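Participant: Encoded as structure tokens, here's the structure I'll be asking about.
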Amino acid sequence: MAALQPQHHRLLLPRHRLLSIRPPPPRLRVPSRSHRLLPRARAVSAAASTAALEDFRRWLSSHGAVEGKASPAAVPEGLGLVAARDLPRGEVVAEVPKKLWMDADAVAASDIGRACGGDGGLRPWVAVALLLLREVARGADSPWAPYLAVLPRQTDSTIFWSEEELLEIQGTQLLSTTMGVKDYVQSEFESVEAEIINANKDLFPGTITFDDFLWAFGILRSRVFPELRGDKLALIPFADLVNHSAHITSEGSSWEIKGKGLFGREVMFSLRTPVDVKTGEQIYIQYDLDKSNAELALDYGFIESNPSRDSYTVTLEISESDPFYGDKLDIAELNGLGESAYFDIVLNEPLPPQMITYLRLLCIGGTDAFLMEALFRNSVWGHLELPVSPDNEESICKVMRDACKSALDAYHTTIQEDEELLETENLQSRLKIAIGVRVGEKKVLQQIDDIFKQREEELDGLEYYQERRLKDLGLVGDNGEIIFWET
């Protein structure tokens with residue numbers, strides 16, 4: 001996004017954190033003002049055919065995954081879980097035995113696992129993605145065939161958007177994050193294509209393309225429960241049909257893994273409803289309360305009309321060209337930060353507590369540099385929590401306002417234009433997402449600019465380090481006058 005290098009400090013307006021696959025790139029967390037507050041599905045696609053859905057139900061039933069409390073069904077979002085009877089809050093609605101999961105154990109027991117020599121050192125998601133592609137290639141011979149038949153071919157995740165659609169998020173962090181994710185998936189594909197896919201044509205008789213691999217990645221991102229990522233990554237058929245509702249705000253998990261049967265040896269995934277549900281109503285859960293709208297758009301392909309989802313992640317960085325680089329880095333590390341620091345700014349909420357302190361550290365110099373001497377090393381952070389000097393405070397305001405202006409100039413629409421567009425009828429779902437994300441980012445950037453504009457107007461009324469120090473020494477009166485003693 002925008003990079004600013006005033007003198008010896010940098011402020012970057014970076015992109016969203018990726019999948020916890022690699023170190024987070026600088027980012028600005030972007031919330032957006034969504035156009036609606038509707039429950040959304042993990043995947044937006046045409047509903048599976050009636051025959052495919054019936055096959056899927058029979059497959060679940062034959063493996064003990066259906067108890068009559070919930071049933072997979074066509075819903076407005078695509079597919080979902082519908083209550084077969086009245087269900088009280090906390091009721092178990094689905095139990096899925098481990099033999100149906102697509103996870104590391106399923107990989108190890110498959111031809112993919114043997115071809116890779118166990119896990120072959122592959123990332124868990126890559127291994128499960130290859131299993132998914134292998135089973136799709138097997139068609140009706142796959143033990144998961146009825147499940148694979150109801151999976152969507154795409155979601156509204158930004159990783160599936162066309163170039164024309166991506167132009168609608170030009171200037172946003174979401175665009176740079178999306179492209180970063182696709183570049184990452186491309187590099188992983190090139191690696192497994194050479195080492196596994198092309199080397200095992202018996203497992204992959206047809207051509208496996210990058211688009212196929214990206215589809216598998218998107219399926220995992222959109223359908224795996226958040227707590228089942230990393231080494232625990234698993235696709236849970238049936239349970240993964242449950243859709244998201246913004247109206248459900250419970251913090252507790254809606255599922256657990258438990259033992260069942262004799263001595264609890266049979267491992268089951270158990271899904272519960274977080275609210276009361278009437279017969280025939282759809283069962284919903286909350287996917288993740290902590291995700292921003294940009295993250296929801298990237299992972300699932302929808303956003304919410306919730307200001308707490310609107311955020312922007314500011315990255316501040318100590319420049320190596322700063323003459324006080326070593327001192328500033330030492331001070332930052334002594335206080336739990338580092339050369340770069342990421343601060344999530346949420347719409348209508350105050351700035352993170354340490355952000356202004358870190359900004360003052362970045363901008364400190366000139367006559368204020370004495371605060372970085374060894375004598376002050378253990379106390380300087382406390383001094384930086386309050387205004388240091390008019391020059392330093394003015395500098396942090398200028399740095400932030402210039403950076404916000406630069407970021408806002410990168411968008412091709414204004415907030416007002418976007419809000420008018422959102423009033424348009426029959427907007428396509430992806431365009432609604434794009435407008436919602438970019439207007440949310442701009443609102444947060446405008447909020448940041450307003451905060452520092454107001455601070456600029458208050459500079460003359462602030463109390464700075466020298467005044468505080470004189471007061472501590474008893475050399476300044478209550479009205480700010482300097483006190484002199486005569487011998």
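Participant: Would you mind computing the Rg to Rh ratio of region 49-151 from its alpha-carbon coordinates, Kirkwood style for Rh?
Facilitator: Ratio value, two decimals: 1.03.
Participant: If the cut-off is a Cα-Cα distance under 28 Å, which lysines reach LYS278, setting aside same-chain residues fewer than 8 apart in sequence?
Facilitator: Straight-distance partners of LYS278: LYS69, LYS258, LYS260.
Participant: Write down the radius of gyration of region 176-317 and its Dmax, each obtained from C-alpha positions, in Å.
Facilitator: 18.9, 57
Participant: Related question: Suppose we look only past 17 Å in the calculated P(r) of region 154-214. What percent of the Cα-Cα pairs does that tail hold?
Facilitator: 48 percent
Participant: If you put +1 on each Lys and Arg Cβ and -1 on each Asp and Glu Cβ, how big is the dipole of the chain around its Cα centre, in Debye rounded to 20? Could the numbers behind the result be given before it?
Facilitator: On the way: 51 positive and 76 negative charges, 446 e Å.
For the chain, the charge dipole is close to 2140 debye.
Participant: I need the phi-derived Karplus couplings for region 343-352: 6.51 cos²θ - 1.76 cosθ + 1.60, θ = phi - 60°, integer Hz, Gly and Pro marked x.
Facilitator: Whole-Hz 3J(HN,Hα) from phi for region 343-352: 10, 8, 9, 9, 4, 6, 10, x, 5, x.
Participant: Taking the Cα centre of region 277-339 as origin and charging only Cβ (+1 Lys, Arg; -1 Asp, Glu), how large is the dipole, in debye to the nearest 20?
Facilitator: The dipole of region 277-339 has a size of about 500 debye.
Participant: Then there is this: Starting from the Kirkwood Rh over alpha-carbon pairs, what translational D in µm² s⁻¹ does region 306-423 have by Stokes-Einstein at 25 °C and 0.890 mPa s?
Facilitator: 153 µm²/s
Participant: Over the alpha carbons of the chain, what is the largest minus smallest coordinate on each principal axis, giving the biggest first in Å?
Facilitator: 99, 52, 49
Participant: List the trypsin sites (Lys or Arg not before Pro) within region 81-140 that DSSP assigns to loop and that have no more than 13 neighbouring Cβ atoms inside 10 Å.
Facilitator: Hits after loop and neighbour filter: ARG85, ARG89.
Participant: Let me check I've understood the local charge: for THR209, count other residues with C-beta under 13 angstrom from its C-beta, Lys and Arg +1, Asp and Glu -1. What total comes out?
Facilitator: Cβ neighbours under 13 Å give a net charge of -4.
Participant: On to the next question. Applying the Karplus parametrisation 6.51 cos²θ - 1.76 cosθ + 1.60 with θ = phi - 60° to the phi angles of region 53-63, what ³J(HN,Hα) value in whole Hz is obtained for each residue in order, glycine and proline being reported as x?
Facilitator: With the stated coefficients, region 53-63 comes to 5, 5, 4, 5, 4, 5, 4, 4, 4, 5, 10 Hz.
Participant: Oh, and also: Amide H to amide H, which residues 5 or more places from VAL75 or on other chains are under 5 Å from it, using H placed in the peptide plane?
Facilitator: GLY80
Participant: Tell me, how many Å apart are the Cα centres for region 392-443 and for region 112-161?
Facilitator: Region 392-443 and region 112-161 have Cα centres separated by 37 Å.
Participant: Kindly write out, for region 171-179 in residue order, the coupling ³J(HN,Hα) from the Karplus curve 6.51 cos²θ - 1.76 cosθ + 1.60 (θ = phi - 60°), rounded to whole Hz, with x marking Gly and Pro.
Facilitator: x, 8, 5, 4, 5, 5, 5, 4, 5
Participant: Report Rg (one decimal) and Dmax (nearest whole number) for region 96-179, counting Cα atoms only, units Å.
Facilitator: Final numbers for Rg and Dmax: 16.6, 46 Å.
Since every read-out is calculated from the coordinates, none of them should be taken as a lab result. Keep in mind it's a predicted model, so treat the numbers as computed, not measured. Because the Cβ atoms are built from the backbone with ideal geometry, glycine has one as well, and the counts that use them run over all protein chains shown.
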